[in-house]
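See structure below.
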Amino acid sequence: MSTATPILHHYAFSTFSEKVRAALGLKGLAWRSVDIPGLPPRPLLSPLTGGYRRAPVLQVGADIYCDTNIILPALQRLFPQGPSLFPKGSEGVAQGLGFAWERQMWIPTIGVLVHYIGEHIPPEFLKDRKEGYLMVDISKDAMAPQFAQHVQFVRAQIAWLTQAVTARPFLFGDAPCSADLACWQTIFLLRKNCPPEVDALLGIAPNSPLVAWYDRIVALGHGTPTEMTSEEAFAVAAAATPAAVTHLDPNGDPGGLKAGSAVVVTPDDNARVPVRGTLVATGADEVIVAIQDEKAGALHVHFPRLGFDVLAA
């Protein structure tokens with residue numbers, strides 16, 4: 001297998017993983033699929049990420065991409081063939097819109113979800129999300145007092161989204177892009193896991209433009225995945241070396257951090273597990289940190305700048 005083959009570490013219930021799976025479908029890519037647990041420990045993935053604990057994670061050889069806001073740009077840069085994940089001339093707007101939607105919609109969406117299926121969520125999953133991830137109790141009973149507010153918020157967001165896709169097939173025109181996938185993935189989480197009456201609750205009318213838009217994204221599929229074990233993926237990383245960095249200035253950090261300096265990178269919202277390493281290169285959109293694992297060897301871990309704190313160690 002070529003080390004250039006994208007490897008996705010993900011789990012079925014992860015809606016952010018579904019966003020990437022849909023992106024792989026849009027690009028029409030063949031990829032390797034590594035099923036990981038929904039909860040840590042993940043003993044063969046954690047060494048590759050330097051401890052970063054969220055899913056999904058994209059691996060290309062010894063280069064590891066953490067967070068969908070760097071995974072999608074990396075897929076487009078590394079695999080430019082086929083449809084683009086970003087609308088020409090509006091790349092930044094699409095990325096910003098998707099980021100804002102996901103940040104604002106995540107907790108209200110969970111509030112609606114657990115109203116319907118909360119009794120089926122395992123206690124260990126709820127405990128992990130409260131103590132190590134969201135730092136919020138997302139059990140059905142705990143979220144019930146905010147249910148009405150969560151519904152109002154999600155309905156309002158869906159209302160403007162419906163208006164946006166009424167006059168065109170997708171948010172930026174005739175082709176889907178990263179912003180469509182970001183908005184779609186949270187609605188997908190609800191429509192896939194809740195009973196059909198969730199549509200009426202959220203103001204999604206049958207045969208509405210939103211449903212047509214939603215179905216067009218579902219039709220993208222997931223590309224061509226082939227199963228792979230965690231052991232096989234780890235062996236790929238151990239046998240590879242990180243790719244040369246040619247798309248970023250080693251000293252292009254807007255805050256003045258220099259290549260070769262020790263840094264710590266931490267999500268600024270949840271699952272705030274710091275990743276420590278040596279700065280390779282950075283820019284306004286991406287930061288690359290070199291880490292050394294005893295068994296996997298040299299690795300480059302990539303993060304988006306948006307949503308992460310990057311500080312001198």
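The values are calculated or read from the model by the stated rules, or taken from the named source; none is laboratory data. Because the structure is a prediction, the values reported are computed rather than measured. Because the Cβ atoms are built from the backbone with ideal geometry, glycine has one as well, and the counts that use them run over all protein chains shown.
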request  = Might you check whether a residue that is at pLDDT below 95 and either within 29 Å of VAL275 (Cβ to Cβ) or within 19 Å of the chain's Cα centre (by Cα) (or both) occurs anywhere in segment 55-78?
outcome  = no
message = Whether any residue in segment 49-63 is assigned to a helix (DSSP H, G or I) and outside the structural domain of ILE187 (by TED's automatic domain parsing) is what I want to check.
response = yes
request  = Would you point out the residue of segment 231-279, among those that are polar (S, T, N, Q) and under 30 Å from ILE138 (Cα atoms), that is modelled with the highest pLDDT?
outcome  = THR266
request  = Go through (1) in contact with a Pro (Cβ under 8 Å, 6 or more places away or on another chain); (2) under 29 Å from LEU181 (Cα atoms); (3) free of Cβ contacts under 8 Å to residues at least 40 places away in the same chain; (4) assigned to a loop (DSSP other than H, G, I, E, B) one by one and return the number of the condition THR246 breaks.
outcome  = (1)
ask   = Within segment 151-174, is there a residue that is in contact with a strand residue (DSSP E or B) (Cβ under 8 Å, 6 or more places away or on another chain), among the hydrophobic types (A, V, I, L, M, F, W, C) and modelled with pLDDT of 95 or more?
value = no
note = Among helices (runs of 4 or more DSSP H) entirely inside segment 92-169, those with 3 or more residues being farther than 17 Å from ILE204 by Cα and out of contact with any helix residue (DSSP H, G or I) (no Cβ under 9 Å at 6 or more places or on another chain) are 123-128
key: Filter result for ALA313 (surrounded by fewer than 18 Cβ atoms within 10 Å (Cβ to Cβ) and more than 14 Å from THR49 (Cβ to Cβ))   = yes
Residue tally, condition under 22 Å from PRO41 (Cα atoms) and aliphatic (A, V, I, L, M), over segment 128-146 = 4
